Amino acid sequence: MILSLVYGCENPEDFNPSNLIDVMDIQVRNDNTPADGISRITVVASFDEEFSTEDDQKIDFVVFKDSLESSSQNLVFTSVNGIEQRISELFVVHNKQERLQVKATASVNGAQFSKTVDVNFENAYPEAINVFTDSLTINPNSFNQIKITTELSRSVGMVNSGIKAETHVVDTLGNTLGLFNNYQNTLFTRDSGRIENRFSLGNESYLGKLLIVAKTETPAGELRDTTIIFSKNN
């Protein structure tokens, strides 16, 4: 790089790393994006067009997650509103609602200088709900169980763990029937997007159509799905 342009001095011996702090500008694009494991927040480190690093022309980034994510990204030329710049971009994805810190580091004249910025990931709420069972029939007056699965999904990526969905079984009049064994209403395994429950009618003698209803609340409103099973004797 041209020392007089960046440091304001022509003698490398006068170099002071503290003078570099304003050389880098760091910005965030697409902040507050869903933490669906696919949607990206972009962190951009930008510099004067004359800027260059020691020898590799890269900027080192660290994303402070539970496990640190480190990577080196190329410096490239670009023009923003007619102004020539050199920039380095990092794409960040995440799988849970959280604020993360990102640090960008450049190396010049044997010294390093860094800037940090926060990025924010919002809950990746479901956009669809589906409830289904491994049997379309169930026995009255029995503790034999069927498996009921409530599935939460998105058009892009996966729903965050911790999202709640309520599932219940009613007769045609809306009366709640039956028993859940260790009832679950929280998504614990985001990779499957499924909440599984075991259900029986127990001492209920009801015969006929039953409705399995699953619902969840999102910022866009309630999502609901219903499937039909039948109570009948063998």
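No lab work stands behind these numbers, since they all come straight from the coordinates. Keep in mind that what you see is a predicted model, and the values were worked out from it rather than measured. We place every Cβ from the backbone using ideal geometry, glycine too, and count neighbours over all the protein chains shown.
Over 21 Å apart at the Cα level, from the set LYS58/LYS115; LYS96/LYS164; LYS58/LYS96, are LYS58/LYS96. If we count every other residue with Cβ under 15 angstrom of PHE121's Cβ, Lys/Arg +1 and Asp/Glu -1, where does the sum land? Here the count lands on 0.
All other residues whose Cβ lies under 15 angstrom from that of LEU136 are scored, Lys and Arg at +1 and Asp and Glu at -1, for a net of +2.
Within the shell of other residues whose beta carbon sits under 15 angstrom from the beta carbon of GLN145, the net charge comes to -1, with Lys and Arg scored +1 and Asp and Glu -1. Amide H contacts of ALA165 (H built 1.01 Å from N, in plane; Pro and chain starts excluded): THR186, LEU187 sit under 5 Å, all sequence-distant by 5 or more or on other chains. By its C-alpha gyration tensor, with a ≥ b ≥ c as the square roots of the eigenvalues, how is segment 29-92 shaped: rounded for a/c under 1.5, else prolate for a/b larger than b/c, else oblate? Cα axes put segment 29-92 in the oblate bin. Where Rh is the Kirkwood radius over the Cα pairs of the chain, the temperature 4 °C and the viscosity 1.567 mPa s, what D in µm²/s does Stokes-Einstein return? Value of D from the Cα-based Kirkwood radius: 59 µm²/s.
For segment 133-185, the relative contact order is 22 percent, taking Cα pairs closer than 8 Å that sit 6 or more residues apart in sequence and dividing their mean separation by the residue count.
Using a Gaussian network model of the chain in which every pair of alpha carbons under 10 angstrom is joined by a spring, one finds that among GLY193, GLY221, GLY82 the greatest mean-square fluctuation is at GLY82.
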